[in-house]
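To start, the structure under review is shown below, and the notes come after it.
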Amino acid sequence: MNNAPHPPRKRVDWFSPIARIAIRSAAGITSLVIMFIVGYILIKGIPHLKPSLFAWKYNSDNVSLTPALINTILMTILSLIVAVPFGTFTAIYLVEYAKRGNKLVKIIRMAAETLAGIPSIVYGIFGMMLFVVHLKWQYSLLAGGCTLAIMVLPVIMRTTEEALLAVPDTYREGSFGLGAGKLRTVFKIVLPSAVPGILSGIILAIGRVVGETAALIFTAGSLAKIPHGAFDSTRTLSVHMYILSGEALHIDESYATAVVLILLVLFINAVSSWIAKKMTGEKNGK
Amino acid sequence: MQKILEMAMKMIFLIAACVSILFVILICVFLFANGLPAIGEIGPLEFLLGTHWKPSSDIYGIAPMIVGSVYVTAGALIIGTPLGLLTAVYLARFCPKRIYKVIDPAISLMAGIPSVIYGFFGLVVLVPFMRELTGGGKSVLTASVLLGIMILPTVIRVSESALRAVPQSYYEGALALGASPERSVFFSVLPAAKSGVLAGIVLGIGRAVGETMAVIMVAGNQAIIPESITSGVRTLTANIVVEMGYASGLHRQALIATAAVLFVFILLINLLLSLLKRRQKI
């Protein structure tokens, strides 16, 4: 109990119980915070999920989120169409073709890491300068999609690379042994066995596209209509949410829109953990 | 024929791989080509150290925004780091499997929630709460708390995997020497995972500095150096979004220059991160 001048026979350990309490309460606080945020929005928002919110056309009375939802899907598809081929091809080059210790590989990795760290607003400004102003695409679906494609490129690249690395070399050797060329081996043997890993990367990318706001305001604009073409301005659900919450008039609708957005994220997370489970299940099964 | 196809595809893969390099270069070129002339016109010192931002009278000093970003990020770290680190310790070492099955997806959800939702939550819950508590609703403190929450998943995930990567023998060795489980973790496992944990914190810094939408909604956005933690603040990111919509001429270029400054900050953080990662491997 009291600090003896000489090495005490029995030292009371204050640290351990305090640390134990700190660790447990930190974990508790973290869980409570997330439950509170999600729970609060669900409870406040679900009662306001009115049919008018899902009307086909947006106007300032019903503040319908349907166009924004459709735009989100279009935006996701567009950015994936651009990013997935580049991301997978980069990963294929890094894993299957590049030689060990290749200088270029180092530079590519560094570039991807840099891209992964750039804040979305910087992407937004860059997209605005390159696509909207320089290429004269105006605020458009295409400009937004391309900006987001650059943003999710490192995500897809990294997960695909990991998935390809996880394919055992015996697969490749077996394929070569049967007389298949490099290209055939990559497309018929390696890629199919890496599909779940690639999919999980794509889902991560979808999550980022769905949640993105800052990169879109100055590239895709905020027109709440279903676009007629790739050069029309669009507003995704997150941007819609941002604009709506800025208008004090539509606080209830903002809650309801937030609910839809959270449900979307929950769905994406569920799919991703389902794929992850399938992947580990397959590995354990074999 | 087959040979040509093989070569062609190899070239295509190589070209695709160079796309990310191309875009890093393009981003640099566009930001600096559009931003540097403005910095030159305003004067580098006046731009970086000037404490007044008055676009209407062509005075562009981003010092308040730099200070704002630093304050808010520091606040987020003060809140997010201890909470995240201790949670990571719990998840990596003390969490029963049954509870882990609940917390793990909750943290994934936390990482997946869009920043507008965090911002909206901050606006409707945190801001009124802080107004009651401190008198200042949209403030450095509010933004720090919200950002502290937002960086939690990053800090937790990276620290947790760093803690898990420490060999079990470290933990068991400390236990065998008579240390309690808590002491073993804090004095044997945690020091061994130091680089990884630091990498998580640095990633958290990157996320806090770059966060835009959530901060705009709760920080107040006054372009002055905050006097206390209860006064409003504007970050570098907020400066761009708030004014870009209507800016033109030098004002617009000054905003792009703000993005360039932000970009340089992020590059420095990335550099720090890669240094930490290199140390972790050795």
(message) Show me the helices (runs of 4 or more DSSP H) found entirely inside the stretch B:10-115 where at least 2 residues are open to solvent by 20 Å² or more (accessible area, probe 1.4 Å) and farther than 26 Å from B:A214 by Cα.
(response) B:44-49, B:97-112
(message) Quick check on A:V63: is it touching a residue at least 40 places away in the same chain (Cβ under 8 Å) and touching a His at 6+ places or on another chain (Cβ under 8 Å)?
(response) yes
(message) What's the number of the only condition in (1) in contact (Cβ under 8 Å) with a residue 60 or more places away in the chain; (2) open to solvent by less than 30 Å² (accessible area, probe 1.4 Å); (3) in a loop (DSSP other than H, G, I, E, B) that A:L164 fails to meet?
(response) (3)
(request) Scan the stretch A:167-208 for residues that are among the hydroxyl-bearing types (S, T, Y), open to solvent by 20 Å² or more (accessible area, probe 1.4 Å) and free of Cβ contacts under 8 Å to residues at least 24 places away in the same chain and report the count. (result) 2
(message) Looking at B:A8 and the list (1) at the interface with chain A (Cβ under 7 Å from one of its Cβ atoms); (2) under 28 Å from A:V84 (Cβ atoms), which single condition is not satisfied?
(response) (1)
(message) So, in the stretch A:116-144, exactly how many residues are more than 14 Å from the chain's Cα centre (by Cα) and not in a loop (DSSP other than H, G, I, E, B)?
(response) 18
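The values are calculated or read from the model by the stated rules, or taken from the named source; none is laboratory data. Please read all numbers here as calculations on a predicted model, not as lab measurements. Neighbour counts are summed over all protein chains in view; Cβ atoms, including those assigned to glycine, are modelled from backbone coordinates with ideal geometry. The area values use the complete protein model at the heavy-atom level, side chains included, leaving out ligands, DNA and RNA. Shrake-Rupley method; radii C 1.70, N 1.55, O 1.52, S 1.80 Å.
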